[in-house]
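The structure appears below as structure tokens.
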Amino acid sequence: MDAAKNTVVTIDYTLRDDSGEVLDTSEGREPISFVQGAGNIVPGLEKEIEGKSEGDAFATKIEPKDAYGDHRDDLVFSVNRDQVPVEDLKAGMQLQARTEQGTQLLVVKSVAEESVELDANHPLAGQTLNFDVTVREVREATEDEIEHGHPHDGSESHE
Ligand code: ZN
């Protein structure tokens, strides 16, 4: 069966940045599953997976515009140090902030005595993503999975 809209695709993958450093991998962990066409994964990878079938292995390079977008300078901002009640605050740390839109991931850019510079861009914004992918399984999605827009493998069970 070929990966197409409303199939559930399971892949093993390794993600590297342009310098070859591994950013994420399913190696040594479970492969990931997603509903094709539901936007569970970045658009560029979804596009590459369309039409692939079980056993296919491929490498692909995905530009920021088809991944997490360009890095936006307007999403970098400073706050007073006392607004971030975290001990041992260091550049590179990731913080979760609660906003009206839900949980927002913030990366600490720099820490000064009285202020902290935060970056609300996705940590992979502006990065070209280099994926090595092996397709493990392609199956039809169930009606529930299509309705929810995500797979129901494993432990998940809900209305
Ligand atoms: Zn669900």
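Is the stretch 23-33 home to any residue that is touching a Leu at 6+ places or on another chain (Cβ under 9 Å), surrounded by 11 or more Cβ atoms within 10 Å (Cβ to Cβ), farther than 15 Å from LEU129 by Cα and modelled with pLDDT of 95 or more? Within the stretch 23-33, not a single residue is touching a Leu at 6+ places or on another chain (Cβ under 9 Å), surrounded by 11 or more Cβ atoms within 10 Å (Cβ to Cβ), farther than 15 Å from LEU129 by Cα and modelled with pLDDT of 95 or more. The sole residue among ASN130, ASN121 that is part of a loop (DSSP other than H, G, I, E, B), of a type in the set (S, T, N, Q) and at negative phi is ASN121.
Quick grid of which residues meet (1) among the aliphatic types (A, V, I, L, M); (2) over 16 Å from ILE11 (Cα atoms); (3) part of a helix (DSSP H, G or I):
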position: GLY44; (1), (2), (3): no, no, yes
position: GLY51; (1), (2), (3): no, no, no
position: PHE58; (1), (2), (3): no, no, no
position: HIS71; (1), (2), (3): no, yes, no
position: ASP74; (1), (2), (3): no, yes, yes
position: ASP88; (1), (2), (3): no, yes, no
position: GLY92; (1), (2), (3): no, yes, no
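Residues in the stretch 3-36 that are out of contact with any helix residue (DSSP H, G or I) (no Cβ under 7 Å at 6 or more places or on another chain) and within 22 Å of GLU147 (Cβ to Cβ): ALA4, LYS5, THR7, THR10, ILE32, SER33, PHE34. The single condition among (1) on the phi < 0 side of the Ramachandran plot; (2) surrounded by 15 or more Cβ atoms within 10 Å (Cβ to Cβ); (3) not in a helix (DSSP H, G or I) that GLY37 does not satisfy is (1). When HIS122 is tested against (1) within 20 Å of the chain's Cα centre (by Cα); (2) surrounded by fewer than 10 Cβ atoms within 10 Å (Cβ to Cβ), only condition (2) is not met. Within the stretch 134-144, the set of residues being modelled with pLDDT of 95 or more and either near the ligand (Cβ under 8 Å from one of its atoms) or within 20 Å of the chain's Cα centre (by Cα) (or both) comprises THR134, VAL135, ARG136.
Taking residues in the stretch 14-33 that are over 19 Å from VAL138 (Cα atoms), and partners anywhere that are at pLDDT 95 or above and among the basic types (Lys, Arg), the pairs with Cβ atoms closer than 6 Å and at least 6 places apart or on different chains are VAL22/ARG16.
The values are calculated or read from the model by the stated rules, or taken from the named source; none is laboratory data. The model shown is predicted, which means the values in this text are computed figures rather than measured ones. Positions of Cβ are backbone-derived with ideal geometry, glycine not excepted, and every protein chain shown enters the neighbour counts.
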